[in-house]
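Visitor: Here it is, the structure in full.
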Amino acid sequence: MNAPTSITITPVFVADLSVEGERMPVYVHVIDHPDARVLVDTGMTELHPAMADMDPRLKPLSEQDFDLAGIDIVVNTHLHADHCGGNHLFAGEPIYVQRRELDDVRSEDDYTIREWVEAPGVQYVPVDGEHELLPGLRLVPAPGHTPGMQMVVVETGGRPVIVGGDVAVWFGEFDEPPTEGRQRVLALDPELVWLTHEREPWRPPTV
Ligand SMILES: [Zn+2]
């Protein structure tokens, strides 16, 4: 069984936010797999009073040269508002998320912007733990930033590549005491890790 080697990952800038006086980018990631085109997280498409203090500047997927209809599968790493605000653009497509994450949204107030999660027509596929989405492409729980977070691990034939969402919000978090999620990242010995809020992928330091 050979892992596909023709999988490519492309970051797409969709917004930036103000955090502690600095602009923090928001990227989503497109994974082109021979069997399907997968979108990891969906960014934001509109402003909301709950996020006003972050002064979002938006470049929604729906307002850039992006083929929405070409996406076959959506994955949410987690359901914070800056990761699921575009879910409504994919009504009718399967959106894979950990069941724990969905449960937390539905039971905890102020967890996220709930009407973005529950937008009309949005259909979730709740996942319990690890799940092979496509050959060489699997969802792996990565608790830490939220208890229900997951990441996408892509087999490349060599060391895996990870689309990690907020497994680390910024590179410096890899130097902090590891969460369960970051322990899993390190254990996988990835070639690189794409993050939502960093322009470049993180590479583990070489020994
Ligand atoms: Zn985030």
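Visitor: Which residues' amide hydrogens lie under 5 Å from the amide hydrogen of ARG37, considering only partners 5 or more residues apart or on another chain, with H built in the peptide plane?
Guide: Sorted by chain and number, the residues that satisfy this are ASP72, ILE73.
Visitor: Restricting things to alpha carbons, tell me how big segment 2-109 is in terms of Rg and Dmax, in Å.
Guide: 14.7, 48
Visitor: Now for a different question. Just grab the label-to-label distance for GLU115 and ARG203, each label 7 Å out from Cα along the Cβ direction, in nm (one decimal).
Guide: Here the modelled spin labels are 4.5 nm apart.
Visitor: If each Cα of the chain is one equal point scatterer, what is log10 of I(q)/I(0) from the Debye formula at q = 0.12 Å⁻¹?
Guide: -0.56
Visitor: Also, quick follow-up: Please list, in order along segment 124-139, the HN-Hα scalar couplings obtained from phi with the Karplus expression 6.51 cos²θ - 1.76 cosθ + 1.60 (θ = phi - 60°), rounded to whole Hz, x for Gly and Pro.
Guide: Working through the residues one at a time gives 8, 10, x, 10, 10, x, 5, 8, 7, 7, 8, x, x, 9, 10, 8 Hz.
Visitor: Something else: When the chain is treated as a GNM, springs tying every alpha-carbon pair under 10 Å, which of GLU118, GLU22, GLU173 comes out with the largest mean-square fluctuation?
Guide: Looking only at GLU118, GLU22, GLU173, the biggest GNM fluctuation is shown by GLU22.
Visitor: With only Lys, Arg, Asp and Glu charged, each at its Cβ (+1 for the first two, -1 for the last two), find how big the charge dipole of segment 109-207 is about the Cα centre; round to the nearest 20 debye.
Guide: Charge dipole of segment 109-207: 320 debye, to the nearest 20.
Visitor: Right, here's the next one. Of ASP32, ASP67, ASP103, which is the most mobile in a GNM of the chain whose springs link Cα atoms less than 10 angstrom apart?
Guide: Result: ASP67 has the largest fluctuation of those listed.
Visitor: Please compute the modelled spin-label separation between GLU130 and TRP170, points set 7 Å along Cα→Cβ, answer in nm with one decimal.
Guide: 3.3 nm
Visitor: Another one. Sequence gap at least 6, Cα distance under 8 Å: using those rules, report the relative contact order of segment 128-207 to the nearest whole percent.
Guide: In percent, rounded to a whole number, it is 24.
Visitor: Can you list residues whose amide H is under 5 Å from MET24's amide H, if they're 5+ apart or on another chain and H is modeled 1.01 Å from N?
Guide: Answer set, sorted by chain and number: LEU17, SER18, VAL19.
Visitor: Based on the Cα atoms of segment 100-207, what semi-axes does the equivalent ellipsoid have, where each is the square root of 5 times one gyration tensor eigenvalue, given in whole Å with the largest first?
Guide: The equivalent ellipsoid of segment 100-207 has semi-axes of 26, 17, 12 Å.
Visitor: Hey, in the GNM for the chain with a 10 angstrom Cα cutoff, which one of PRO177, PRO34, PRO56 fluctuates hardest?
Guide: PRO177
Visitor: What residues have an amide H closer than 5 Å to that of VAL127, excluding those fewer than 5 places away on the same chain, when H is modeled at 1.01 Å from N in the peptide plane?
Guide: It is VAL97, GLN98, ARG99, by chain and number.
Visitor: What are the ³J(HN,Hα) couplings of segment 42-54, residue after residue, when phi is run through the Karplus curve with 6.51, -1.76, 1.60 and θ = phi - 60°? Round to Hz, x for glycine and proline.
Guide: Each residue's phi maps through the Karplus curve to give 10, x, 9, 10, 8, 8, 8, x, 5, 10, 4, 5, 8 Hz.
Visitor: Let me ask something else about it. Could you work out the relative contact order of segment 8-194? I mean the mean sequence separation of Cα pairs under 8 Å and 6+ apart, divided by the number of residues, in percent.
Guide: 15 percent
Visitor: Summing +1 for each Lys or Arg and -1 for each Asp or Glu, what net charge is found among the other residues whose Cβ lies under 14 Å from the Cβ of THR206?
Guide: Within the 14 Å Cβ shell, the charges total 0.
Each reported figure results from applying straightforward, stated rules to the coordinates on display, with no laboratory input. Note that this is a predicted model, so its numbers are computed, not measured. Neighbour counts run over all protein chains shown; Cβ positions are idealised from the backbone, glycine included.
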